[in-house]
């Protein structure tokens, strides 16, 4: 039996794109997930202080807020 799209554990194509952006430019991955809020600015600061902390934070935000996405 197939799980419906958006079910826990299901990775969509957009999730993969967000993860790729998080690896290349961490603030962009966070922006695509939660928008222009506190988490975005935290990620900008972490990325400026060190690229690896920015990546770790971006991946954490993408996984944590998987069900809460910004709609455009």
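Numerical summary
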item: Number of positions in segment 21-30 that are within 9 Å of the chain's Cα centre (by Cα) and surrounded by fewer than 19 Cβ atoms within 10 Å (Cβ to Cβ); result: 1
item: In segment 18-55, residue modelled with the highest pLDDT [restricted to those that are outside any helix (DSSP H, G or I) and more than 21 Å from residue 67 (Cα to Cα)]; result: 25
item: Any pair with Cβ under 7 angstrom, 6 or more apart, that starts in segment 31-49 at a residue that is at positive phi and surrounded by 15 or more Cβ atoms within 10 Å (Cβ to Cβ) and ends at one that is in a helix (DSSP H, G or I) and modelled with pLDDT under 95; result: none
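Yes or no, residue by residue, for (1) exposed (fewer than 11 other Cβ atoms within 10 Å of the Cβ); (2) at pLDDT below 95; (3) assigned to a helix (DSSP H, G or I); (4) in contact with a helix residue (DSSP H, G or I) (Cβ under 6 Å, 6 or more places away or on another chain):
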{"position": "6", "(1), (2), (3), (4)": "yes, yes, no, no"}
{"position": "16", "(1), (2), (3), (4)": "yes, yes, yes, no"}
{"position": "57", "(1), (2), (3), (4)": "no, no, yes, yes"}
{"position": "68", "(1), (2), (3), (4)": "yes, yes, no, no"}
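The values are calculated or read from the model by the stated rules, or taken from the named source; none is laboratory data. Nothing here was measured: the structure is a model prediction, and the numbers come from that model. Neighbour counts run over all protein chains shown; Cβ positions are idealised from the backbone, glycine included.
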